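Report on the following structure.
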Amino acid sequence: MRRRHGMQFGAEYRPGEGVRFRLWGPKAKTVSLCLSEGGKDHSLEMERAGNGWFELITDRANPGSRYRFQIDGGLFVPDPASRFQPDDVHGPSEVIDPANFEWQDASWRGRPWSEAVIYELHVGTFTPEGSFGGVQKRLDYLAELGVSAIELMPLSDFPGRRNWGYDGVLPFAPDSSYGRPDDLKRLIDAAHARGLMIFLDVVYNHFGPEGNYLRAYAPQFFTDRHHTPWGEAINFDGPESRTVRDFFIQNALYWLVEYHFDGLRLDAVHAIQDDSKPDILTELAQTVRKTIPPDRQVHLVLENDDNAAHYLRPEKKAYNAQWNDDIHHAMHVVLTGEGDGYYADYVDHPVRRLARCLTQGFDYQGEVSKFRGGAPRGERSSDLPPTSFVSFLQNHDQVGNRAFGDRILTLTDKCALKAAMTILLLAPSPPLLFMGEEFAADTPFLFFCDFAGDLAKAVTEGRRNEFSFFARFSDSAVRQQIPDPNAEETFERSKLNWASLEKDEHQGWAEFYKNLLRIRREQISNRLNETSGSEARFTMLSERALCASRKLGDGAELTLLANLSDDSVQHSTPIRGDLLCSTHNDTPDKLSRSLPPWSAAWFMAQ
């Protein structure tokens, strides 16, 4: 099977004709196509095609041809819809014929969202190779672990050889530091052969600070009507925004169709400003649902600090879920006692907030946020199914945005962490693990990039100054100890140490995670379909202990008893059902009367 996504942007190989090149450059007076052939550059003038478009079909180009566009006889720029950049963001683009790849997954239709157990990884640091091929070598390990979906951090071509991916500037080109397009397709094909879904993190809220040439010939991509944390916003709702909207919608379809990804995670959509109706998030989801055949399961997930529950309504069939920062923040405060930054919103009654997340989705459903200056945050989520919320204790942000990339086990003890993960991995909401978490990786995950010159200096200083409001880093000399994001050593330190799995302690953690995921797969996942959000409740057994229960889609009742404190808790809560899992070896009868410190137990009543 061969796959190609046709679109009005970029270079499209047409057998028998050559290659059709298209560029939207409403500011440009002339555009020339510059082809590199045999070490020489050849310039071909492109024709105006109306509404700011320039187009040319030529038989002088073929798959593998290198090309650039020249604007008004001066600036040379890569194709903004380049399918591949072999020489990084400032170099020429390469013509790719996606039909050259022969897929082996013709029968793959995806997996239901109710089975989702997500494993987030960064391609460059997941393996020593730091490549798509390196990830492919670890697929058997991930399948054996018990996850059902891999989520790749952003791949869009970024400047330099190392980056988290959120500084991408060419959103259709997988970064060449990880391999060629066919290497990524082989990874996805191999994942499907093992029954693994594979998702991609995409960034539609901004372009990175280096290598974005759009302003030179298409400033309509941006607007000063809105602003983002990264500067001017993308123009999704102003004059000439139709083409801008199409650019990003086609990008989503491109990854889902041409690369056969099973889903997308849209980064920080609260930073997307759009006053139009329907807004870009709604239109993108609607277009995806209309385009993808109904017999294929594709999943869309949001990161949205606004807790905008209306995007998650099942009847709208738009987005499957949102990353639930609330449950992370509440659990993190429970485990560490930290109260800096956004954790300040969770320091009062953190276990009660956790219980609310377990039974109602978001903790903030319109309540005032002190961290946000008293502004209300969120919308009602208590009626949404639990599958609408992705839960986690670690991810790239929550580890990498710490000054020293600390993983959670450096901040709390083993018993507390085991209780927390017993709760999160068996709760009905789909869980997410961050690479290496499952074997208690002892390597940090640091913030890294590969900028040069003044930009590198600004990023390094900016990174260190971000922490100046923390008491620990109030001294500038102390802040200088924060690793330099641009240093190659920072990147190398972030690579997983797979050799640690040979040690008993790390093997023990891996078995702990495997066992919990086996219980989830065998006892819980198949019961989640048709589970509603309204049939869940919780009771506080003490300030730090809770009982939470929920009726599942098949009528069974799942109940959690948890004590997240250093002291035993006596209680008289009646328990229904059989014991599924417990962090301690106590009998159900004993657990019905007393909960040991840092304990969690799940029961299932048929």
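Laboratory data are not the source of any read-out in this text; all were calculated from the coordinates shown. On a predicted model such as this, the values are computed, not experimentally measured, just so you know. Glycine gets a Cβ as well: all are built from the backbone with ideal geometry, and neighbour counts include every protein chain shown.
Figures for the structure shown
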quantity	calculated
Helix 241-257 vs. the chain, principal-axis angle (Cα, 0 to 90°, nearest 10)	70
Prolate/oblate/rounded label for the stretch 360-420 (Cα gyration tensor, a/c 1.5)	oblate
Long-range HN-HN contacts of residue 222 with modeled amide H, under 5 Å	235
0 to 90° range, to nearest 10: angle between helix 414-426 axis and the chain longest Cα axis	70
5 angstrom amide H check on residue 390, placed H, neighbours 5+ away	322, 323, 324
Amide H contacts under 5 Å for residue 200, placed H, 5+ residues apart	152, 263, 264, 265
Note, ³J(HN,Hα) from phi for the stretch 446-462, Karplus 6.51, -1.76, 1.60, rounded to Hz, x at Gly and Pro	9, 7, 9, 7, 9, 8, 9, x, 5, 5, 4, 4, 5, 5, 4, 5, x
Nearest-ten-degree value, helix 504-519 long axis tilted from longest Cα axis of the chain	90
In Hz, Karplus ³J(HN,Hα) per residue of the stretch 281-288 (6.51, -1.76, 1.60; θ = phi - 60°; x = Gly, Pro)	5, 5, 5, 4, 4, 4, 5, 4
Set of lysines near residue 514 by C-alpha distance (under 18 Å), chain-local residues within fewer than 8 positions excluded	414, 418, 503
Total charge dipole magnitude, the chain, about the Cα centre, Cβ charges on Lys, Arg, Asp, Glu only, Debye to nearest 20	1060
Among 38, 16, 53 - extreme Cα towards positive end, dipole of the stretch 10-100, charges at beta-carbon	53
